Amino acid sequence: MRLLVTGGCGFIGTNFVYMMLEKHPDMVIVNLDKLTYAGNRFNLLPLEERLGGSRYHFVHGDIGNAELAAHLISAYKIDAVVNFAAESHVDRSIADCSPFVRTNVLGAQTLLDVARRLGVPKFVHVSTDEVYGTLGPTGKFTEDTPLAPNSPYSASKASADMICRAFYETYGYNVCITRCSNNYGPYQFPEKLIPLMIRNIIGQQPLPVYGDGLNVRDWLHVKDHSAAVETVLRRGAPGGVYNIGGNNEWRNIDIVNLVCDLLDNRLGRPAGTSRGLVTFVKDRPGHDRRYAIDATRMRNELGWEPSCTFEQGIGETIDWYLANQEWVGEVTSGAYRDYYRKMYGGR
Ligand code: NAD
Ligand code: TYD
């Protein structure tokens, strides 16, 4: 199979590209990435060194560039597109929505349009559970839950989902949409909850918890998400929408405390030390209270289920960040420092 993967230098894309090339010796991947602050070409350097020019091709560019997309699809005889490329951080979308509309809406539409016109047999659009909005204390999102996005980020993702739906209904184009819950694992940019907390605990900096800390997220290891995306790529029905999640709900404050305790233990600090760094800060505007995913369709129709327990996954993730502090230092140098100062004050 010859895949065009977009956003392959980001968190989930990196994990997906490694998984696919390791698992399938005959697979070819073209990775189209704009290298925004969140994209790091060096994540995949070992692949460039080993498979560059044969099974792995990195292309620096924008999914909104129709000519470039058309050239890549023709030149590499692409069988399927997997679109991970996006602006992905809710807090940044609150500060400025424009890049979100440009990439997540117009970029996705451009890529979809080119893929359809050139007859690419399959298109997987990677979306998010956040398009459903927020839940009360009970219930879960199913694929039939009405879309009710609350943040500029989720509104941009929901817009692209609607365009994908229209391409199936109008042209019969073979597009699938995946809607996954919060991911964690290696290579996640430290603006997101878990890696931000890990970094600040290691550096003994305040741990900013929004509002009362009781918002709930449903966490899934990135390798289980990657496997689910492959399952949809291979077996998803045309026009199909698939919720992906791990039945693993946590209140933010509980996850922060857990990460504190696991790191205290690994760093030889007295139990309870890092919990003392927790600082409740002003809530995120429009902060969704609870996400929870019903992934029955993925299990019953496509036979996917998560394989990684949270206990194992979070431990491995913490160990990865401890072993890769140089990576964290590199991706958080420069512009990230300005972002952090604006967002949280201080350093
Ligand atoms: P990320 O921010 O870590 O990476 C995004 C990647 O896309 C970066 O490499 C960036 O350089 C690239 N990119 C951005 N704009 C681009 C453009 N115009 N053209 C080409 N490349 C561009 O994001 P992530 O966490 O890896 O998320 C990947 C996808 O999965 C996104 O579509 C996101 O909405 C979705 N998703 C993420 C999560 C999560 O928990 N992280 C959960 C569900 C769904
Ligand atoms: P985040 O990782 O940004 O993912 P999302 O908003 O897409 O779910 O945030 C996860 C949860 O953690 C969310 O409820 C907001 C909260 N949060 C904090 O409390 N403090 C922080 O510094 C960050 C980044 C997030």
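Overview of values
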| quantity | calculated |
| --- | --- |
| Sole residue being more than 14 Å from the chain's Cα centre (by Cα), within 13 Å of ligand 1 (Cβ to nearest atom) and crowded, with 19+ Cβ neighbours inside 10 Å, chosen from Gly246, Gly236 | Gly246 |
| Close pairs (6 angstrom Cβ cut-off, 6 or more residues apart or separate chains): outside any strand (DSSP E or B) in region 212-223, of a type in the set (A, V, I, L, M, F, W, C) and crowded, with 21+ Cβ neighbours inside 10 Å anywhere | Val222/Ile12 |
| Options Asn257, Asn252; residue that is over 21 Å from Tyr187 (Cβ atoms) and free of Cβ contacts under 8 Å to residues at least 40 places away in the same chain | Asn257 |
| Flag if Thr138 is out of contact with any helix residue (DSSP H, G or I) (no Cβ under 6 Å at 6 or more places or on another chain), more than 15 Å from ligand 1 (Cβ to nearest atom) and part of a loop (DSSP other than H, G, I, E, B) | yes |
| Single residue of Ala75, Ala85, Ala70 found to be within 26 Å of Asp224 (Cα to Cα) and either within 14 Å of ligand 1 (Cβ to nearest atom) or without any contact (Cβ under 8 Å) to a residue 60 or more places away in the chain (or both) | Ala85 |
| Region 1-34: number of residues that are within 16 Å of ligand 1 (Cβ to nearest atom) and part of a strand (DSSP E or B) | 9 |
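Rundown of residues vs (1) of a type in the set (Gly, Ala, Ser); (2) within 16 Å of ligand 2 (Cβ to nearest atom); (3) crowded, with 19+ Cβ neighbours inside 10 Å, yes/no style:
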residue: Phe11; (1), (2), (3): no, yes, yes
residue: Met19; (1), (2), (3): no, no, no
residue: Phe42; (1), (2), (3): no, no, no
residue: Arg50; (1), (2), (3): no, no, no
residue: Arg55; (1), (2), (3): no, no, no
residue: Ala86; (1), (2), (3): yes, yes, yes
residue: Arg92; (1), (2), (3): no, yes, yes
residue: Asn104; (1), (2), (3): no, yes, yes
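Read-outs throughout are calculated quantities, based only on the coordinates presented, and are distinct from any laboratory measurement. All values derive from a computational prediction rather than experimental measurement. With ideal geometry, Cβ positions are generated from the backbone for all residues, glycine too; neighbour counts draw on all protein chains shown.
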